[in-house]
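The values are calculated or read from the model by the stated rules, or taken from the named source; none is laboratory data. Note that the structure is predicted; figures quoted are calculated from it, not measured. Reconstructed Cβ throughout: ideal geometry from the backbone, glycine too, with neighbour counts over all protein chains shown.
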Amino acid sequence: MNAIRVRGLTKAYKGHRAVAGVDLDVARGEVFAVLGPNGAGKTTSVEILEGHRDRDGGEVSVLGVDPAEGGREWRSKLGIVLQSATDAATLTVREAVRHYAGYYADPRDPEEVIDLVGLTEKAKARVGTLSGGQRRRLDVALGIIGRPELVFLDEPTTGFDPEARRQFWGLVKRLAAEGTTILLTTHYLDEAEALADRVAVLAGGRIVAEGTPRTLGGRANADATVRYLAAGGYTEIRTSEPAKTIAELARHGEPAELTVTRPSLEDVYLELIK
Ligand SMILES: Nc1ncnc2c1ncn2[C@@H]1O[C@H](COP(=O)(O)OP(=O)(O)OP(=O)(O)O)[C@@H](O)[C@H]1O
């Protein structure tokens, strides 16, 4: 059984179709990233899967249960990290994490979770005094404290500095290695590439492409660009056979500043959402 199965999901707000027929399958243990521009319908879709928002139509199954009818036991198997920050300003980080641990039958060790998200030095700080990125880390800590089978991460690293993002990626990889299924929305293409087994691109409420980060939008088979510096400036050659092109060039000497590139995930993504 898949962790998530969605067929024909629709949702409109006052006649505006935010989600216009989405199909989605996420296998257990998979890290799945949903990409898409602002307003594409990512948060709406994820909130429906979490049971936080009603849908208009379609079938949805999350860990075998329709989220519209999910009870407490079902909910306890989910880890939810919302876009909005935690509202526990007067508690300390340690108190907040311990408090949330109390909601679950078999929580992780609060100290270990604080360490995992890199907040050990802030354990005694009040939540209201944390920086934006630190609050986000706390949100993640609260999302995983209950040892969830499925974690929803909605734009988890927005506001993180580069070092914190890398640390967070390590955390996601660790959760995935433990067998946790992860559904992630993100605006960072490198994040999707680093973490996701598969990605879907949502635009205008529909999935316009789906695949592994390596193959999305025909990326793996796309032409390469060979670029080098010649007397008159940079020359670029698009080719499906870059090795041959370079061998040909090399017959006339070593080309200066030679590079071979293929479209990045970002290039493919920007093309897809046009
Ligand atoms: N509560 C609401 N009432 C009315 N319209 C809404 C509501 N929530 C979302 N929308 C609209 O639905 C569309 C999809 O919004 P959604 O938040 O799902 O997009 P998103 O892909 O998560 O965007 P972002 O990347 O900006 O977070 C947008 O046009 C948005 O304005």
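The set of residues from the stretch 8-50 being within 9 Å of the ligand (Cβ to nearest atom), more than 17 Å from the chain's Cα centre (by Cα) and surrounded by 22 or more Cβ atoms within 10 Å (Cβ to Cβ) comprises Lys11, Val19. The criterion of being hydroxyl-bearing (Ser, Thr, Tyr) and assigned by TED's automatic domain parsing to the domain that holds Ala27 holds for Thr180. Considering the stretch 6-23, and only residues there that are under 15 Å from Ala40 (Cβ atoms) and among the charged types (D, E, K, R), the residue that is modelled with the highest pLDDT turns out to be Lys11.
Against the definition (within 14 Å of the chain's Cα centre (by Cα) and acidic (Asp, Glu)), how does Glu193 come out, yes or no? So Glu193 passes the test. One residue stands out among those in the stretch 159-194 that are among the charged types (D, E, K, R) and in contact (Cβ under 8 Å) with a residue 12 or more places away in the chain: the one that is farthest from the ligand (Cβ to nearest atom), which is Arg174. Would it be correct to say that Val65 is buried (at least 20 other Cβ atoms within 10 Å of the Cβ), more than 11 Å from the ligand (Cβ to nearest atom) and more than 19 Å from the chain's Cα centre (by Cα)? No. Of the residues contained in the stretch 234-245, one or more are found to be over 27 Å from Leu35 (Cβ atoms) and part of a loop (DSSP other than H, G, I, E, B). For the stretch 210-217, the condition of being small (Gly, Ala, Ser), in contact with a helix residue (DSSP H, G or I) (Cβ under 6 Å, 6 or more places away or on another chain) and either at pLDDT 95 or above or outside any helix (DSSP H, G or I) (or both) holds for none of the residues.
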